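Data first, discussion second: the structure below is written as structure tokens.
The values are calculated or read from the model by the stated rules, or taken from the named source; none is laboratory data. The model shown is predicted, which means the values in this text are computed figures rather than measured ones. In this analysis, Cβ positions are derived from the backbone assuming ideal geometry, glycine residues included, and neighbour counts consider all displayed protein chains.
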Amino acid sequence: MYKRKILITGGAGFIGSSLAERLVKDAENLVIIVDNLFTGFTENIPESEHDNCRFVKCDVNNYYEISQVMQSTAFDFVFHYAAVVGVKRTLANPVTVLDDIQGIKNILDLSKNTGVKRVFYASSSEIYGESVEFPQNETSTPLNSRLPYAVVKNIGEAYLKSYKQEYGIDFTIFRFFNTYGAKQTKDFVVSKFIRAAKNNEPITIYGDGLQTRTFCYVDDNISAALKCLYEDLYINDVINIGNDIEISILRLAEVIKSICNSQSEIIAKEMLPEGDMMRRLPDVSKMKELLNRDLVSLEAGLDKIIKVNNLVKKEYV
């Protein structure tokens, strides 16, 4: 009945649910979403006119729970997006972050035993650490971060490559740089600044705010992933998913203030003790070739969120 049976772990989160929304529009896709709802929300799960989307509350780090899901449906593809996320949260809960290693192993063990064709893995720009090479290239830039979250992502990448070598499971690794969009919660910089600006509350930056980042609109992120899926691209490869236009955090706050016509004061706090890298700039040559179009500019992406006034007002529990 279905051409593709697809599992999304962490599918009630921001990026996972955005991916699900696009996948369920194709009636040939059966999409099963699993999430333990630690940082996800059931409200994010898309409704489908084709009745081809289902949700199972499940912890991928629990082998029994995820095995029940994967052994009951012969999945063709798995998008493993489940993880503890957020700089402050991952720094405050390092052991919980390390627990995600078990989830990676569970997914790969079950994938090799149930006939999964390819596993798509949400890695992170954090694995580059405080890079000395810019732009950060998938093959030439050293991976030198020591933070638990980044180490786990690096281990995940090693697992995928090892399972390919030993068991023949194909993979695609997405190294996500900052992605923003309407469903992102206030733990992240763009949504945090927008909420503060809309309410004329202080916008907090750390240090002098001259740390630079690039910001990828969620539609670009999802379009790149779907192109890899539908056209069998970047199999057994790594691809940066981001944008290549740098902006300082201070300037970001000023831009959001302006778009919101806000009276918010920008206030500075001490730098975070760790985890706040001074610069992030990906080499997105692969992504641009993949999409074959211009990436959404920061101003256009912010305009979509702010002017339409559809930013979901939620907080992590």
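Things worth noting here:
- Selection within region 179-205 - of a type in the set (D, E, K, R), out of contact with any Phe, Trp or Tyr (no Cβ under 9 Å at 6 or more places or on another chain) and not in a helix (DSSP H, G or I): E201
- Candidate set: region 207-221, residues that are not acidic (D, E) and not in a loop (DSSP other than H, G, I, E, B); chosen: the one nearest to I267 (Cα to Cα): T212
- Hits in region 101-115 - residues which are of a type in the set (A, V, I, L, M, F, W, C) and either assigned by TED's automatic domain parsing to the domain that holds D276 or crowded, with 22+ Cβ neighbours inside 10 Å (or both): I104, I107, L108
- Long-range neighbours under 7 Å by Cβ, at least six apart or interchain, first residue within 16 Å of Y2 (Cβ to Cβ) within region 63-75, second among the small types (G, A, S): A74/G115
- A count restricted to region 243-263 and to residues that are of a type in the set (G, A, S) and either surrounded by fewer than 19 Cβ atoms within 10 Å (Cβ to Cβ) or outside the structural domain of S297 (by TED's automatic domain parsing) (or both) stands at 2.
- Residue within region 42-58 that is closer than 25 Å to E126 by Cα and outside the structural domain of Q184 (by TED's automatic domain parsing) present: no
- Selection status of N261, of a type outside the set (V, I, T) and at pLDDT 95 or above: no
- Selection within region 140-170: residues that are modelled with pLDDT of 95 or more and in a loop (DSSP other than H, G, I, E, B). The member of this set that is nearest to L229 (Cα to Cα) is I169.
- When residues of region 222-236 are limited to those that are in a helix (DSSP H, G or I) and in contact (Cβ under 8 Å) with a residue 12 or more places away in the chain, the one farthest from K288 (Cα to Cα): L229
- Test: E126 is touching a residue at least 12 places away in the same chain (Cβ under 8 Å), among the acidic types (D, E) and exposed (fewer than 15 other Cβ atoms within 10 Å of the Cβ): no
- The set of residues in region 19-43 being crowded, with 24+ Cβ neighbours inside 10 Å and closer than 13 Å to Y81 by Cα consists of L19, A20, I33, V34, D35, G40.
- L98 being surrounded by fewer than 21 Cβ atoms within 10 Å (Cβ to Cβ), in contact (Cβ under 8 Å) with a residue 60 or more places away in the chain, touching a Pro at 6+ places or on another chain (Cβ under 9 Å) and not basic (K, R): no
Conditions tested, residue by residue: (1) on the phi < 0 side of the Ramachandran plot; (2) under 16 Å from the mean Cα position of the chain (by Cα); (3) surrounded by fewer than 21 Cβ atoms within 10 Å (Cβ to Cβ).
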{"site": "K117", "(1), (2), (3)": "yes, no, yes"}
{"site": "P135", "(1), (2), (3)": "yes, no, yes"}
{"site": "V152", "(1), (2), (3)": "yes, yes, no"}
{"site": "I155", "(1), (2), (3)": "yes, no, yes"}
{"site": "L160", "(1), (2), (3)": "yes, no, no"}
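- Index of the failed condition, L7 passing every other in (1) under 25 Å from K227 (Cβ atoms); (2) out of contact with any Leu (no Cβ under 9 Å at 6 or more places or on another chain); (3) of a type outside the set (G, A, S); (4) part of a loop (DSSP other than H, G, I, E, B): (4)
- Within the option set I245, I239, I259, being within 14 Å of I203 (Cβ to Cβ) and either in a helix (DSSP H, G or I) or aliphatic (A, V, I, L, M) (or both) holds for one residue only, I259.
- Out of F55, F38, sole residue that is modelled with pLDDT of 95 or more and outside any helix (DSSP H, G or I): F55
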